[in-house]
1. Rounded to the nearest 5, what % of DSSP beta bridges with both residues in the chain are antiparallel?
2. Starting from the Cα-Cα distance between Thr28 and Asp105, subtract it from 0.36 nm times their residue separation and give me the gain in nm to one decimal.
3. Where the accessible area of the chain is counted over protein heavy atoms with a 1.4 Å probe, how much of it, in %, is carbon and sulfur?
4. Quick check for me: using +1 on Lys/Arg Cβ and -1 on Asp/Glu Cβ, what's the dipole size of segment 53-128 about its Cα centre, in debye to the nearest 20?
5. Not counting the cut sites, what is the longest span of the chain without trypsin sites (Lys or Arg not before Pro) that DSSP labels loop and that have at most 11 other Cβ atoms within 10 Å?
6. Taking the dipole about the Cα centre of segment 1-102, with the C-beta of Lys and Arg at +1 and of Asp and Glu at -1, give me whichever of Cys22, Phe68, Ser100 is farthest to the positive side.
7. Under a cut-off of 16 Å between alpha-carbon atoms, report the aspartates and glutamates in cross-link reach of Lys43, not counting same-chain residues fewer than 8 places apart.
8. Could you compute Rg(Cα) / (2.2 N^0.38 Å) for the chain, with N its residue count?
Amino acid sequence: QVQLVESGGGLVQAGGSLRLSCAASGGTLSTYALGWFRQAPGKERVFVSGISRPGWRTYYSDSVKGRFTISRDNAKNTVYLLMNSLKPEDTANYYCAVRSTSDTDGYVYTGGIDYENWGQGTQVTVSS
C-alpha cells in the first residue's frame, strides 16, 4: 500500500505563501487520483483541492480558488499544493490522499470517502 508523507507546513503571516509537498512511496502516483484536505481545530476535515489521474484536471474549493494551486509530478511520485495570499482562516492541519483509479475521463474526487490512503498531515498556521 502506498505511504504518504506531507511536508512544508509552518507558521507564516497573512499574505504569505507556502508550498506543501506530499511524497509517496510503495506505489506509483500515475495510477492514482490525488487530493488535499484540511482540518481546523474543532472542525471537520474538508476538501481543498484535487487533481485527476489522466490529463491533470484540477478542482478547488471556493474558499481557496484563485489562491491555491495543486500539481503533480509522477516522475518524482510527489503532489504539491502551492498556497498564496494565505489568510488566518487557512490555519489547519493539511492532509494529502490518494485513490487508485483506472479513470480515463479526468475525474476529480472531492469527498474524503473517495480516497483510500492518507498521510499524517502537516500543520499550517497563518498569523494576523
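1. About 90 percent, rounded to the nearest 5.
2. Length difference between fully extended and current span is 25.8 nm.
3. Details: 2960 of 6370 Å².
Result for the chain: 46 percent of the exposed heavy-atom area is carbon or sulfur.
4. Taking the Cα centre of segment 53-128 as origin, the dipole is about 200 debye.
5. 66-128
6. Ser100
7. The reachable aspartates and glutamates, counting only those whose Cα sits under 16 Å from Lys43, are Glu89, Asp90.
8. Details: Rg = 13.6 Å, N = 128, 2.2 N^0.38 = 13.9 Å.
It is 0.98.
The values are calculated or read from the model by the stated rules, or taken from the named source; none is laboratory data. Keep in mind the model is a prediction, meaning the values are calculated, not measured. Neighbour counts run over all protein chains shown; Cβ positions are idealised from the backbone, glycine included. The accessibility values were calculated without ligands, DNA or RNA, using every heavy atom of the protein model including side chains. Shrake-Rupley method; radii C 1.70, N 1.55, O 1.52, S 1.80 Å.
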